[in-house]
Protein chains: 2
Amino acid sequence: MSCITTLTRTLRQRGYRMTPQRLAILQALHDVGHLTPAQVYARVRATGMTEATVYRTLDFLAENDVVRVADRGSGHLAYELAGEDHHHLICRACGAQQEIPAEVLRGMLDALEGHTGYRLNAGHLTFFGLCPICQESFTAEPVYEIVGG
Amino acid sequence: MSCITTLTRTLRQRGYRMTPQRLAILQALHDVGHLTPAQVYARVRATGMTEATVYRTLDFLAENDVVRVADRGSGHLAYELAGEDHHHLICRACGAQQEIPAEVLRGMLDALEGHTGYRLNAGHLTFFGLCPICQESFTAEPVYEIVGG
DNA sequence: TTGGTTATTGATAAAATTATCAACAAGGAA
DNA sequence: TTCCTTGTTGATAATTTTATCAATAACCAA
């Protein structure tokens, strides 16, 4: 059974429906990886879909854990398919990105769950910092600038 | 020397200025703890300040590490004074919040710095999950809803 | 396959956020 | 104190995001 068929069934069990608009947006995210709402719209506007629908659908998919939200420091939220857990490390100076495997943080997250009793939704965390190269070029009192991405 | 005097001097060293608008916004954040841009504006509009100025000033203060941004899951970013490091754990079902002392995550963050060579800006992280009470009231296939705060 | 229920969409307006630019004012210099 | 430089603000427009609601279409039942 295809991935889409499974997803459709899951949504229906929850009282929702699968629509061509939702499929198109999922396809766009699958093709590119992660996109802002504006970028999604640019890719699906040919279908006649409204911008409002893009925002609504992304919200809907995120609330149903089909996609996940990631604040990538550009001032605009990005969305991506919820797949294997991983995290990101982004340099605030040059924008370089590095992927962090889920295992690296798993221990800490487990400890946090044990300590607080919460069950965490930490599928995708983003950390910000200075990469080794940019650390060199900054003086004693750096003024950080958010770099768009 | 007062805290404001120190801050003013620091900004000036970086080529910026202290203004009554910036003071008013800092005062509001000091009084309440954390506020969204709209909430800040509600508290300072009596001074005649523009909404645009509120957004600009919050951005400015965040880029200079005077305040920090926290995505509190309401869909709108919140701002708070940058003080002693701490983190938050928020229940996605009922909105309950729990503070996490910095020490709990320090070890993990240090390890991450060592592993990647990055210098992290992780003054305030927010984790989302289900609190112990809400875990009881959810069935096998929960549909999470973001709760505004 | 057909009909009926209702979740979803498009169209539109409203609200929130960002960009632009001339006028103003903070802070240093004389 | 007064003048000058230029960072900052207010006013305004543009853009992004959210809310509203009637029309549409997905999906189940017969």
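Readers should treat all values here as calculations from the given coordinates under stated rules, not as data from a laboratory. Keep in mind that what you see is a predicted model, and the values were worked out from it rather than measured. Cβ: placed from backbone, ideal geometry, glycine included. Neighbour counts: every protein chain shown.
A few remarks follow.
- Neighbour-limited loop hits for trypsin sites (Lys or Arg not before Pro), the stretch B:19-120 (at most 10 other Cβ within 10 Å; DSSP other than H, G, I, E, B): none
- Label point distance in nm, A:ARG17-B:ALA42, each placed 7 Å from Cα along Cα→Cβ: 3.7
- When chain A is turned onto chain B, the axis of that turn runs closest to one Cβ of chain A, and that residue with its distance in whole Å is A:MET108, 2.
- Across the identical copies, the 7 Å label point of B:GLU99, projected outward along Cα→Cβ, sits 3.8 nm from its counterparts, in ascending order.
- Calculated label separations, B:THR19, copies of the chain, 7 Å along the beta-carbon direction, nm: 4.4
- Label point distance in nm, B:ASP31-B:ALA102, each placed 7 Å from Cα along Cα→Cβ: 2.8
- Neighbours of B:LEU112 by Cβ distance under 14 Å: Lys/Arg scored +1, Asp/Glu scored -1, total -1.
- Pseudo-label separations to other copies for A:GLY114 - Cα-to-Cβ vector, 7 Å, nm: 1.9
- FRET efficiency estimate (nearest 0.05) - Cβ-Cβ, A:ALA111 to A:THR6, R0 30 angstrom: 0.35
- FRET E, pair A:THR50, A:CYS94, Förster distance 30 Å, beta-carbon r, rounded to 0.05: 0.25
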